[in-house]
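Here the structure is laid out as structure tokens; the discussion comes afterwards.
Derivation of every value follows stated rules applied to the coordinates shown; laboratory data play no part. Quantities reported herein were computed from a predicted structural model and do not represent experimental measurements. Ideal geometry is used to build each Cβ from the backbone, glycine not excepted, and the neighbour counts take in all protein chains shown.
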Amino acid sequence: MTRRSLTVGKDRFVVGPWHDDPTVAYLSVAPVSAVLTSRASVERCLAGLTESGYRAAVTAALKPNDAHVFQTAGFEVRERLHVLQHDLSGDLGGSSHPLRRARRRDRPAVLDVDRLAFESFWHLGPSGLDEALNATSSVRFRVAETDEIVGYAVCGRAYDIGYLQRLAVHPLHLRRGIGAALVQDSLRWLRRRRGRMMLVNTQESNAEALALYQRLGFRMGSDHLTVLSWTAPS
């Protein structure tokens, strides 16, 4: 099942399966919507998802106002995310590791790296990777490899803003400059396309990723995002 738009009252959501788990729903406020208005809309949305067979739901990364409405409807905090930004100024560095364009046949190996790099809750799965690759009209998908693929990055551009959608490195190849090479490649790509800023989110608990981004010139923003979860009553 693919994700779809759902209008409830004055509010509009995007719903569908959470990555590859058909029992957990993904739920987000549609990008075209203004601030979420009603707890009742969230509750009606959850009722529909329960009737469709979902036993739980996970939100996209939400801004504080939207997150508050979801929490009043029974959602709990699963993860808080830092928002970092890079203004693309200064020396963006050169690649310290050979990278190449990812091909469709690389996707199984890319997803293997993703499963090893993240806890199960954050695994992309094929549908999540497709979503990341189609989130913006312009996208860059690069892999790092030795004898096999050991890291990858997906970044996109919408107007003059870039988004580092995903970065993963095989755990056995950490601290070898692979993550830095992939991030710097994304930054240089965006600057060549006259981008103004690159944004990335990372979990507050992911100290290693946070340190990498800050070392490469990202600055912590004043906003934060929150991922929430909900479980249907038994």
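So how many Å³ per residue does the convex hull of the Cα atoms of segment 146-209 work out to? Walk me through the numbers on the way to the answer.
Working: hull volume 5.6 nm³, N = 64.
Normalising the Cα hull of segment 146-209 by residue number yields 88 Å³.
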> Once a ≥ b ≥ c are taken as the square roots of the eigenvalues of the Cα gyration tensor of segment 1-84, is the result rounded (a/c under 1.5), prolate (a/b larger than b/c) or oblate (a/b not larger than b/c)?
Replying inline: rounded
>> Once you place label points 7 Å from the Cα toward the Cβ at Arg103 and Asp160, how far apart are they in nm?
In response: 3.8
> Between Asn65 and Leu116, what is the FRET efficiency for a Förster distance of 35 Å, r being their Cβ-Cβ separation, to the nearest 0.05?
Replying inline: 0.45
> Where in the chain are the helices, taken as whole DSSP H runs, whose Cα atoms extend 27 angstrom or more along the long axis and whose Kyte-Doolittle mean reaches at least 1.0?
Replying inline: none
>> Let me test this: with uniform point scatterers at the alpha carbons of segment 88-195, what is the Debye-based log₁₀ I(q)/I(0) at q = 0.11, 0.18 1/Å?
In response: -0.32, -0.86
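Would you compute, from DSSP H runs of 4+ residues alone, the mean residue ellipticity of the chain at 222 nm, taking -39500 (n - 2.57) per run and dividing by the full residue count, rounded to the nearest 500?
Details: 6 runs with 66 residues, N = 234.
It comes out at -8500 deg cm²/dmol, rounded to the nearest 500.
In square nanometres, what is the average projected area of the Cα convex hull of the chain? Each step should come with its number before you reach the end.
Numbers: hull surface 51.8 nm².
If you wrap the Cα atoms of the chain in a convex hull and average its projections, you get 12.9 nm².
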